[in-house]
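Here is the structure we will look at.
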Amino acid sequence: MRPRFARREDLGLSKAEFAALERLSTPQKIQDFLNRMPANFEVRGQTCLSVREVLRQHRAHCIEGAMLAACALWVHGDPPLLLDLRAERDYDHVVALFRRGRCWGAISKTNPALLRWRDPVYRSLRELAMSYLHEYANKRNQKTLRSYAGPFDLRRFDPALWVTSEKNCWDIGATLDDMRHRPLLTKRQGRGLRLRDAVERKAGALAEYRPPRGR
């Protein structure tokens, strides 16, 4: 059985931790909360922080923010779902999914300006994933998004592994990597994609938080 609502006892969170998630009663409030949270620049090495550690350390990158968002959604009756976006010659990206009516939306933690929130207007996951295609680019200005996988229901994992763990949640990332990814375009289409122009490069350079010196 997969409970619709996550209770505090199910998650193993403290009263204060659970109250923080209870306040995030809509996807919009969850996104605003993640936007106010500084980016995790991983200055001491790579991390995959649990929901508890994100709340405690008050920092997050994409999969960490996505897990917190999914947990908050679950507290309020939405399933805790993730979508994995796979890129070529670039970093992958993970977002939390939610549905309103028959349409999908996404909550996204990202420091640059582009790969962010998506309103729930997309009729399929492929349509939602495609909405990231033109803005998803590497430092060589190549558009790099190639495939997607999901939805992945975090209720498949014990909350002790991703909600309250004090260790890095590498198993979640590995599971997403191992999922079957659906292609968004053919190899021929990928080779024909236009490089970002000067205005797109300028927009792509916008960031919400400055990285520490030396990063």
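The values are calculated or read from the model by the stated rules, or taken from the named source; none is laboratory data. Treat the numbers as computed from the prediction; the structure is a model and nothing was measured. Heads up, the Cβs are rebuilt from the backbone with ideal geometry, glycines too, and the neighbour counts pull from every protein chain shown. Surface areas here come from the heavy atoms of the whole protein model, side chains and all, with no ligands, DNA or RNA. Shrake-Rupley method; radii C 1.70, N 1.55, O 1.52, S 1.80 Å.
Number of residues in segment 95-109 that are of a type outside the set (D, E, K, R) and open to solvent by 10 Å² or more (accessible area, probe 1.4 Å) equals 3. The residues of segment 146-187 that are open to solvent by 30 Å² or more (accessible area, probe 1.4 Å) and assigned to a helix (DSSP H, G or I), listed by number, are Arg155, Arg156, Ala160, Leu161, Trp170, Asp171, Ala174, Thr175, Asp177, Asp178, Lys187. For Leu97, the test of being aliphatic (A, V, I, L, M) and without any contact (Cβ under 8 Å) to a residue 60 or more places away in the chain is passed. Surrounded by fewer than 13 Cβ atoms within 10 Å (Cβ to Cβ) and either at negative phi or of a type in the set (Val, Ile, Thr) (or both), is that true of Ala39? So Ala39 fails the test. The test for being modelled with pLDDT of 95 or more, in contact with a helix residue (DSSP H, G or I) (Cβ under 7 Å, 6 or more places away or on another chain) and farther than 26 Å from Val54 by Cβ does not hold for Arg126. Taking segment 29-45 as the range and being free of Cβ contacts under 8 Å to residues at least 60 places away in the same chain and either more than 16 Å from Val95 (Cα to Cα) or acidic (Asp, Glu) (or both) as the test, the residues that pass are Asp32, Arg36, Glu42, Arg44, Gly45. Looking across segment 162-178, the residues that are touching a residue at least 60 places away in the same chain (Cβ under 8 Å) and not charged (D, E, K, R) come down to Trp162, Val163, Thr164, Ser165, Asn168, Cys169, Trp170, Ile172, Gly173, Leu176. For segment 110-145, the candidate set comprises residues that are farther than 22 Å from Thr47 by Cα, touching a residue at least 60 places away in the same chain (Cβ under 8 Å) and open to solvent by less than 40 Å² (accessible area, probe 1.4 Å); within that set, the residue that is farthest from the chain's Cα centre (by Cα) is Asn141.
Cβ-Cβ distances below 6 Å connect the following pairs, each with a first residue in segment 179-197 that is under 12 Å from Ala137 (Cα atoms), a second residue that is open to solvent by less than 60 Å² (accessible area, probe 1.4 Å), and a separation of six or more residues or different chains: Leu193/Lys143; Leu195/Asn141; Arg196/Ala137; Arg196/Asn141.
Here Gly65 does not qualify as in a strand (DSSP E or B), within 28 Å of Lys202 (Cβ to Cβ) and of a type outside the set (A, V, I, L, M). In segment 6-25, of all residues being without any contact (Cβ under 8 Å) to a residue 24 or more places away in the chain and exposed (fewer than 14 other Cβ atoms within 10 Å of the Cβ), the one that is nearest to Ala160 (Cα to Cα) corresponds to Glu9.
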